[in-house]
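Encoded as structure tokens, the structure appears first; notes follow it.
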């Protein structure tokens, strides 16, 4: 797994809330923190493009929860997660902050790596289900087309 903040934030945001909760619990004692922004539920506009390359348009809104916290040691963690799960956002922000401390190795080993593996496995399973529905078309060459 890559070491960039973008990567670990994506892993935390897209993790199943129950899986993230179990992984954070595996970390053991967690540091105290104060809220910079308590979890808030709101909406964001999702852009889309026809065929992935066309002109952008507003596809619709999704519900998100965001928060920001500061550890007692000063590191700041942020989170934006889809849905209304304030606990998910809190745990994601806490992990983001912990990744900026000396506990980053533990967070990577106990939280991020297992969540990234589960995400990859889910993508692989989804791709296999989609591949099972693939239709192969073929044409026979007629003599006059040759």
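Could you check which residue among 77, 51, 87 shows the biggest mean-square fluctuation in a GNM of the chain with a 10 Å Cα cutoff? The residue with the greatest mean-square fluctuation here is 51.
Extension gain for the segment residue 75 to residue 59, taken as residue separation times 0.36 nm less the Cα-Cα distance, is 2.2 nm to one decimal. Spin-label model, residue 136 to residue 36: label points 7 Å out along the Cα-to-beta-carbon direction sit 5.4 nm apart. For the chain, a Gaussian network of Cα nodes joined below 10 Å ranks 91, 70, 103 by mean-square fluctuation, and the top entry is 103. Comparing 75, 25, 121 in a Gaussian network model of the chain where C-alpha atoms under 10 Å apart are linked, the largest mean-square fluctuation is found at 121.
Once the gyration tensor of the Cα atoms in region 5-145 is diagonalised, the equivalent ellipsoid follows with semi-axes of 40, 20, 12 Å, ordered largest first. Here the spin labels are modelled as points 7 Å beyond Cα on the Cα-Cβ line, and at residue 25 and residue 124 they lie 2.6 nm apart. Counting every other Cβ atom within 10 Å of each residue's Cβ, 138, 57 order from fewest to most as 138, 57. Helical content alone sets the calculated 222 nm signal of the chain at -11500 deg cm²/dmol, taking -39,500 (n - 2.57) per DSSP H segment of four or more residues and averaging over every residue.
Each Cα pair under 8 Å and six or more residues apart adds its sequence gap; the mean of these over the residue count of the chain is a relative contact order of 24 percent. Fewest-first ordering of 137, 33 by other beta carbons within 10 Å of each residue's beta carbon gives 137, 33. By the count of neighbouring beta-carbon atoms within 10 Å, fewest first, 135, 141, 107, 81 end up ordered 135, 141, 107, 81.
All of the numbers you see were taken from the coordinates with simple rules; none came from a lab. Small disclaimer: the values here were computed from a predicted structure and weren't measured. Cβ atoms come from the backbone with ideal geometry, glycine included; neighbour counts cover every protein chain shown.
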